[in-house]
Amino acid sequence: MPTRTQHETDDPPTDTTPESAPLTIRPTTAADGAEMWHLARGGGLDLNSSYAYLLYARDFADTCRVATVDGNVVGFVMAHRPPGRPRSVFVWQVGVSPAARGRGVAGRMIEDLLDTLDVDTLEATVTESNGASRALFGSIARNHGSEVVWHDFIRTEDFPDGHEAEPLLQIDLTGRS
Ligand SMILES: CC(C)(COP(=O)(O)OP(=O)(O)OC[C@H]1O[C@@H](n2cnc3c(N)ncnc32)[C@H](O)[C@@H]1OP(=O)(O)O)[C@@H](O)C(=O)NCCC(=O)NCCS
């Protein structure tokens, strides 16, 4: 989960809703894929193809979430269960519109996902430079009385394009009440 700097993005923040506006969190539908792509593009995320967001929103709806305010998508989580690790959920990307950050949106989307899945482990990869994302998963671990455990996963030399290394984090969820 690397990020791009804001000057590399060209979509302006779209969330201008007041902080008090109620947040809705729900599984994705096929129609959410395009908004997820826009959010990733405007939010400094490592942008995947539009097809990837459309496919996840449609076929992985049970492990994806969007957060909406007044019907507008202000955040998304894109995740799947790795075929070889069916007791895990792997969070590929989480993004919140710049204007909605720092209000617990990402944390609430991930907790909503965990509430509805029968899994033992949360997994994600986070680059060393992504402090916000590391703070997010640290917070999730604490909420579950657990800790973040790191493993080598995809190294810089594995990427064809000099991409920053993507170490794997795992959070054991089995201690939660
Ligand atoms: C990472 C990101 C999803 C966090 O979303 P958010 O809705 O602002 O996060 P939350 O408000 O739920 O915060 C969750 C925790 O992380 C902490 N946190 C969030 N952003 C932080 C930051 N920039 N610096 C330090 N801590 C941060 C919060 O304090 C909170 O901790 P707490 O529960 O102990 O108080 C958001 O900053 C974002 O979209 N960043 C760009 C995309 C990205 O890097 N995505 C992850 C890689 S795919």
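The values are calculated or read from the model by the stated rules, or taken from the named source; none is laboratory data. Just so it is clear, the model here is predicted, and its values are computed rather than measured. Cβ: placed from backbone, ideal geometry, glycine included. Neighbour counts: every protein chain shown. With ligands, DNA and RNA removed, areas are computed over all heavy atoms of the protein, side chains included. Shrake-Rupley method; radii C 1.70, N 1.55, O 1.52, S 1.80 Å.
Given the Cα-Cα distance of Arg87 and Asp70 and 0.36 nm per residue of separation, how much length would full extension add, in nm?
Roughly 2.7 nm would be gained on extension.
Quick check for you: with a 1.4 Å probe and neighbouring chains kept, what is the accessible area per residue of segment 22-172, in Å²?
So segment 22-172 comes to 46 Å² accessible per residue, rounded to a whole number.
Spin-label point model (7 Å from Cα, Cβ direction): what's the Thr174 to Arg58 distance in nm?
Distance between the two pseudo-spin positions: 3.8 nm.
Run the numbers on segment 22-172 and let me know its relative contact order in percent, using alpha-carbon pairs under 8 Å that are six or more apart.
18
At a probe size of 1.4 Å, how large is the accessible area of Leu113, to the nearest 10 Å²?
Answer for Leu113: close to 0 Å² accessible.
If the convex hull of the alpha-carbon atoms of the chain is projected onto planes in all directions, what is the mean projected area in square nanometres?
Reported value for the Cα convex hull: 10.1 nm².
Measure off, as a whole percent, the carbon and sulfur share of the 1.4 Å-probe accessible area of the chain, all protein chains present.
51
Roughly how far apart, in whole Å, are the Cα centres of segment 22-66 and segment 94-144?
Each part's Cα centre sits 15 Å from the other's.
Relative to the Cα centre, what is the charge dipole magnitude of the chain, using +1 at the beta carbon of each Lys and Arg, -1 at the beta carbon of each Asp and Glu, and rounding to the nearest 20 debye?
That gives the chain a dipole magnitude of about 400 debye.
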